[in-house]
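One structure below.
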Amino acid sequence: MRNVLVSGGSRGLGLAITERLASVGYRVVALARTQSDALCKIMEARPGSIVFAACDLSDTATIGPRVAQLRKDIGPIYGLVNNAGLGTGGMLSMMRDTDIEALIRVNTLAPLVLTKYVLRSMMSERAGRIVNISSIVARTGFKGLSAYAATKASLEGLTRSLARELGPLGITVNAVAPGFVDTAMTQELGEGGREKIMRRSALQRMAEPADIAQAVEYLLSDAARNVTGTTLTVDAGNTA
């Protein structure tokens, strides 16, 4: 059974990714600060296929030891999904410095450090898959999300460069860029805001968490063995 680590795997998109990967035969390590009720229910339904690992990714000094312990407990790590992130918005001129620093720490620095330590397992096995969860705003931009967009753009730069770096070892690195996804977060936009987004999309709807999870599943699979250094957009045609 291949082990896949999903950061932020206890809720939102991360939970959907965790559930999907467990359903197709991976053993998933859900790395998060706390274990959600929803994750507990999925773990009960799929005993042995999901492991919860507590870790505060904003405390980057703890990441290395946590990954080392996981390798001892479960063996080699085949896949890494860098999903955890903050979605803090606001006009850049009005954002607090501490909020900007927190965004960069969790959305950029933590994935870099986590990838560094997980890579050691992949390199020794000369096999592995890395999938970074980006966003369409990394390329399109969005008012009030300048700092957030910067962190997601950095993940896409990491994806392309690391793919070159690890290709000779048989390790692929890709990204998935969701658009507006039908989640509790977009429910806060109200019916009018959601309708506007759907009208703007080629398919006249929003993507769902399951769509993102299936894209991640593909990039982790053997079917994507010759796909690396690319970003797969899943946005119902919002950017078409």
* Report yes if some residue within region 42-52 is outside any strand (DSSP E or B) and within 24 Å of residue 150 (Cβ to Cβ); otherwise report no. => no
Looking across region 74-94 at residues that are more than 21 Å from the chain's Cα centre (by Cα) and more than 25 Å from residue 217 (Cα to Cα), the single one that is surrounded by the most Cβ atoms within 10 Å (Cβ to Cβ) is 90
Return yes when residue 62 is modelled with pLDDT of 95 or more, open to solvent by less than 60 Å² (accessible area, probe 1.4 Å) and either aromatic (Phe, Trp, Tyr) or over 17 Å from the mean Cα position of the chain (by Cα) (or both) and no when it is not. yes
Would you confirm whether or not region 184-205 contains a residue that is within 28 Å of residue 68 (Cβ to Cβ) and surrounded by fewer than 22 Cβ atoms within 10 Å (Cβ to Cβ)?
no
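Among the listed residues 11, 33, identify the single one that is farther than 22 Å from residue 215 by Cα, under 17 Å from the mean Cα position of the chain (by Cα) and either without any contact (Cβ under 8 Å) to a residue 40 or more places away in the chain or open to solvent by 10 Å² or more (accessible area, probe 1.4 Å) (or both). It would help to see each step written out before you state the result.
On the way: 11 fails: farther than 22 Å from residue 215 by Cα.
Criteria check complete, one pass: 33.
Out of curiosity, is residue 151 polar (S, T, N, Q) and crowded, with 19+ Cβ neighbours inside 10 Å? Outline the logic, then answer.
Values: polar (S, T, N, Q): yes; crowded, with 19+ Cβ neighbours inside 10 Å: yes.
Criteria met by residue 151.
Show me the helices (runs of 4 or more DSSP H) found entirely inside region 97-191 where at least 1 residues are under 19 Å from residue 209 (Cα atoms).
On the way: elements: 97-104, 110-125, 137-140, 146-166, 184-187.
Qualifying helices (runs of 4 or more DSSP H): 137-140, 146-166, 184-187.
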Among residues of region 113-124 being at pLDDT 95 or above and more than 13 Å from the chain's Cα centre (by Cα), the residue surrounded by the fewest Cβ atoms within 10 Å (Cβ to Cβ) is 116
Residue count, region 39-55, condition surrounded by 15 or more Cβ atoms within 10 Å (Cβ to Cβ) and under 30 Å from residue 102 (Cβ atoms), comes to 8
Taking region 143-184 and keeping only residues that are more than 21 Å from residue 105 (Cβ to Cβ) and modelled with pLDDT under 95, one is left with 143, 179, 180, 181, 182, 183, 184
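Condition first: among the small types (Gly, Ala, Ser) and more than 12 Å from the chain's Cα centre (by Cα). Now tell me which residues in region 14-30 satisfy that. Spell out how you get there, then give the answer.
Narrowing region 14-30 to residues among the small types (Gly, Ala, Ser): 14, 16, 22-23, 25, 30.
Within region 14-30, 22, 23, 25 meet the criteria.
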Out of all the residues in region 65-73, is one or more within 30 Å of residue 240 (Cα to Cα) and either of a type outside the set (Phe, Trp, Tyr) or loosely packed, with under 14 Cβ neighbours inside 10 Å (or both)?
-> no
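The values are calculated or read from the model by the stated rules, or taken from the named source; none is laboratory data. Everything quoted here is computed from the prediction, not taken from an experiment. Ideal geometry is used to build each Cβ from the backbone, glycine not excepted, and the neighbour counts take in all protein chains shown. Just the protein is used for accessible areas: all its heavy atoms, side chains included, with ligands, DNA and RNA removed. Shrake-Rupley method; radii C 1.70, N 1.55, O 1.52, S 1.80 Å.
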